[in-house]
Amino acid sequence: MPESTVMTLRLLVRNEETALKLLREHDALPMTKYCPGKGQNVCNNLMRQRFKKTRKGNSTASWQCSKKNCHKELSIRFGNPFFYYSSAQGKCNAKLTLTSILELIWLFIYIRCTIREAASLTQHSSATVVEWWNNC
Ligand SMILES: [Zn+2]
């Protein structure tokens, strides 16, 4: 039963683009972002979204400023700390894709399977499953 419902979710949320679309439809992530600038330099330019491939072959989204002499880039997750953690340098970090996070939320709220089942279905460690379920 959990396997078939995970397959259903994977049909709805196929990749980072569809995960981002779903999260935006539910106001979990912003549709637009204005550039905060670099250091003391305030920019306020409307940033554009771009997708790029990661080393693991996944696609990841970011905001990028197109203003000359700025070109600041931010994670698309910036603005909702549920989806990232901040490093000591204030950088936005995330170990899981938005797609993986949505799967774990789905399994926690809708399927209510065991940690072992969730780890098996998602190919994540039990520790990762517990860490995310504690956030839910
Ligand atoms: Zn800028």
Reported set for region 68-122 where residues are over 19 Å from the mean Cα position of the chain (by Cα), in the same structural domain as Arg14 (by TED's automatic domain parsing) and of a type outside the set (A, V, I, L, M, F, W, C) is Gln89, Tyr110, Arg112, Thr114, Arg116, Glu117, Ser120
Qualifying positions in region 90-136 - farther than 20 Å from Asn15 by Cβ and acidic (Asp, Glu)
Glu117, Glu131
Tell me, yes or no, whether region 9-23 has at least one residue that is within 13 Å of the ligand (Cβ to nearest atom) and surrounded by 11 or more Cβ atoms within 10 Å (Cβ to Cβ).
no
Name the strands (runs of 3 or more DSSP E) wholly within region 28-136 that hold at least 2 residues that are within 16 Å of the ligand (Cβ to nearest atom), without any contact (Cβ under 8 Å) to a residue 24 or more places away in the chain and surrounded by 15 or more Cβ atoms within 10 Å (Cβ to Cβ)?
59-64
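The values are calculated or read from the model by the stated rules, or taken from the named source; none is laboratory data. Predicted model only: the values in this text are computed from it and were never measured. So basically every Cβ, Gly included, is an ideal-geometry build from the backbone, and we count neighbours across all protein chains shown.
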